[in-house]
Amino acid sequence: MKTERKGGRKTRRSTAAAKTKTKAAQRVFEGLGVSPGVGIGVAHQRESGEIQVLEYQVPARRIPEELERFHGAVARSRRQVAKLVAKAERFHGAAAEELGYLLEAHLQMLKSASLIGAIERRIEDTRCNAESAVMSEIGAIVENFAAMNDPYLAARGQDVREVGLRVVRNLTKTSYTGFGQLEPNSIVIAEEITPADTALMDPRQIRGFATVLGGAEGHTAIMARSLGLPAVLGVTGLIGGAKSGDTVIVDGSNGRVIVNPTARCLADYGRRRKALEREARSLTRLRNVPAVTRDGTRIDLQANLELPRELAQALAAGAEGIGLLRTEFLYMNRDDLPDEEEQCAALSEIVAGMAGRPVTVRTLDIGGEKLATSLGPHVSEGLNPALGLRAIRLSLKRPKLLETQLAAMLRAGVCGPLRILLPMISTVYEVHEVRKCLHKVARRLKRRGVKIADPLPPLGVMIEVPGAALVADSLANVADFFAIGSNDLTMYTLAIDRGEEQVAHLYNPLHPAVLRLVQFSIEAAFRARIPVSVCGEIAGNPRFTPLILGLGVRELSMTTNALPRVKSRILRLDMQAATQRARTIMDQSDSGRISALLDDFNEAG
Ligand code: PEP
Ligand code: MG
């Protein structure tokens, strides 16, 4: 029996009656299907968790930096809320209107000169860190409102608190709570999930996730694909449309989230999921089959690794090496920096685990959308994080970071073939600087009698900035290999944020501008006789395989889950025909025509 209050009187009604009344209708939400597959489970709506705020004193000379950090967090909070406002505008009805007012109020608070000024004064006057200044100020406001004994003002106090917590989350970059407490078969529903959050997800427990914010090529999406977690991002109306406890289907292949599905829909998706599992099992038979085209061209298929725990999976899928080891995992979800020993141990395990197959380790690519708590104050987001102090620029600005990484790589290189890859290179000078640093670190280690890779590992560059592609000839003279990062290359060439759902439909690696830069870089590598691979997401999509190989690339690195499908495509491919089609494609100036030419080719076999 269930008890409820109605018109001030307690009434009782049977659970069965309550169930009939609350049985919710099926609702379908559309979004970006960023990680294929079907996840069926129970919704867990992720609330903002309690935040641990450290309080510490900031030396007087660092106050301007602290203020800058605070302003960066406010700017990020504003951007987040503005996005939510834009999304709410697409809804209709009273609830949408209410949500719109609420978000608008949050936005106004984030622009309020008196609130911002009060926090700035706390930082300057008491020399406390920004997080504790925000917490103290919102605490004082909430207390004042509560003392007025007015329910309306008390509710406004809660709004101030919510806004303050958002700013603090953006300052600490520890966004929300972890996922440890979730029931098995959970589907996570959230406003936003960061790459660091995704790294905490356990696919044995979580069946998939869906969020309001996020684009298809952002790092959260990449991480979901590599964990094999069905995911749909950029789902308008999700918060409020699904609540914890609802049955939810995440259809990551078609970008659909179904809340409270009918029995028929549930059964239908259950069958689809089984069929996908059968297909995946049947593809595992390709594990030991070499990737050779019908006319005999051998392709080297390697895996991108986000987290060390994916190593076994990469081996099981028959990866011939690790073509991109993103080292960001070492810096995520922690407050301190990993030292040389820790990094060396983590890398050595992977290199040794690959048993003689090459491992390409990339130096830190933090910044932009990939934020790390442990770097905290070292990474200021700036006005335009994607164009800011990220990746190699950060490593060169903070040489200790770079030296520690290079030392760990040099030592791990003793366990097997290791290559070093540099992200976001845009000038020859940067490569020279890193090479100098590499030699310096090598000399130091040798002096200490530490065993390191001999000869020194090859030093390669990512081609992912349009400027780098345009000076690919010069870069090819100073680099030992190229890895083409189509994700960032597309983003920067077309000026479209890869993690932004509102422009996701415009993100297109088949734009002729992107393809010309890719072709230019490949040809520069050929002329300089250095190896060139593609490790952006297009490498893992069989649709693009004929084009990339047709342009001459023979080495692809991709998320492990994509390996069997790409291999299967290669086995059916006629390289001569693919080369011919790539030539025709490169003569086109219209991306629609390019898509059609590629799709026709794929449909023909
Ligand atoms: C890329 O930009 O294509 C790439 C592989 O790097 P990341 O996705 O890690 O930015
Ligand atoms: Mg990149």
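Structure data summary
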quantity: Near pairs, Cβ below 9 angstrom, 6+ apart or cross-chain, from the stretch 479-499 (on the phi < 0 side of the Ramachandran plot and more than 13 Å from ligand 2 (Cβ to nearest atom)) to any residue that is among the polar types (S, T, N, Q) and at pLDDT 95 or above; calculated: Phe481/Thr360; Phe481/Ser533; Phe482/Ser521; Phe482/Ser533; Leu494/Asn508; Ile496/Thr490; Ile496/Asn508
quantity: Every residue from the stretch 110-133 that is among the hydrophobic types (A, V, I, L, M, F, W, C) and in contact with a Leu (Cβ under 7 Å, 6 or more places away or on another chain); calculated: Ile123, Ala130
quantity: Test: residue in the stretch 26-45 that is modelled with pLDDT under 90 and under 24 Å from Gln181 (Cα atoms); calculated: yes
quantity: Pairs where the first residue, in the stretch 433-451, is more than 14 Å from Ala408 (Cβ to Cβ) and the second is in a helix (DSSP H, G or I) and of a type in the set (A, V, I, L, M, F, W, C), C-beta under 8 Å, 6+ apart; calculated: Glu433/Leu396; Val434/Ile392; Val434/Leu396; Val434/Leu402; Val434/Leu406; Arg435/Val478
quantity: Matching residues, the stretch 313-330, being part of a helix (DSSP H, G or I) and more than 16 Å from ligand 2 (Cβ to nearest atom); calculated: Gln313, Ala314, Leu315, Ala316, Leu330
quantity: Selection count where residues are under 16 Å from the mean Cα position of the chain (by Cα), within 23 Å of Thr360 (Cα to Cα) and small (Gly, Ala, Ser), scope the stretch 470-508; calculated: 2
quantity: Matching helices (runs of 4 or more DSSP H) fully within the stretch 507-605 where at least 3 residues are in contact with a helix residue (DSSP H, G or I) (Cβ under 8 Å, 6 or more places away or on another chain), among the charged types (D, E, K, R) and under 22 Å from Val34 (Cα atoms); calculated: 563-571
quantity: Test: residue in the stretch 572-586 that is closer than 20 Å to Ala280 by Cα and not β-branched (Val, Ile, Thr); calculated: yes
quantity: Candidates Arg287, Arg326, Arg256, filtered to the one that is at pLDDT 95 or above and not assigned by TED's automatic domain parsing to the domain that holds Pro195; calculated: Arg326
quantity: Lone unmet requirement of (1) on the phi < 0 side of the Ramachandran plot; (2) surrounded by fewer than 23 Cβ atoms within 10 Å (Cβ to Cβ); (3) away from ligand 2 (no atom under 14 Å from the Cβ) for Gly449; calculated: (1)
quantity: Candidate set: the stretch 290-312, residues that are assigned to a strand (DSSP E or B) and not polar (S, T, N, Q); chosen: the one nearest to the chain's Cα centre (by Cα); calculated: Leu305
quantity: Qualifying positions in the stretch 331-371 - part of a helix (DSSP H, G or I) and buried (at least 21 other Cβ atoms within 10 Å of the Cβ); calculated: Tyr331, Gln343, Cys344, Leu347, Ile350, Val351
quantity: Identity of the residue in the stretch 416-446, surrounded by fewer than 21 Cβ atoms within 10 Å (Cβ to Cβ) and under 17 Å from Glu349 (Cβ atoms), that ends up farthest from ligand 1 (Cβ to nearest atom); calculated: Gly416
quantity: Flag if Ala562 is touching a residue at least 40 places away in the same chain (Cβ under 8 Å) and away from ligand 2 (no atom under 16 Å from the Cβ); calculated: yes
quantity: Residue match in the stretch 450-462 (condition: within 12 Å of ligand 1 (Cβ to nearest atom), of a type outside the set (Ser, Thr, Tyr), touching a Gly at 6+ places or on another chain (Cβ under 9 Å) and within 19 Å of Gly215 (Cα to Cα)); calculated: no
quantity: The stretch 106-131: number of residues that are under 29 Å from the mean Cα position of the chain (by Cα) and closer than 11 Å to Phe70 by Cβ; calculated: 3
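A quick yes/no check of all residues on (1) surrounded by fewer than 23 Cβ atoms within 10 Å (Cβ to Cβ); (2) within 30 Å of Gln80 (Cβ to Cβ):
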site: Gly460; (1), (2): no, no
site: Asn477; (1), (2): yes, no
site: Ile496; (1), (2): yes, yes
site: Glu500; (1), (2): yes, yes
site: Glu523; (1), (2): yes, no
site: Phe526; (1), (2): yes, no
site: Arg529; (1), (2): yes, no
site: Pro546; (1), (2): no, no
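The values are calculated or read from the model by the stated rules, or taken from the named source; none is laboratory data. Bear in mind the structure is a predicted one, so any value in this text is a computation, not a measurement. Using ideal geometry, Cβ is built from the backbone for each residue, glycine included, and neighbour counts are taken over all protein chains shown.
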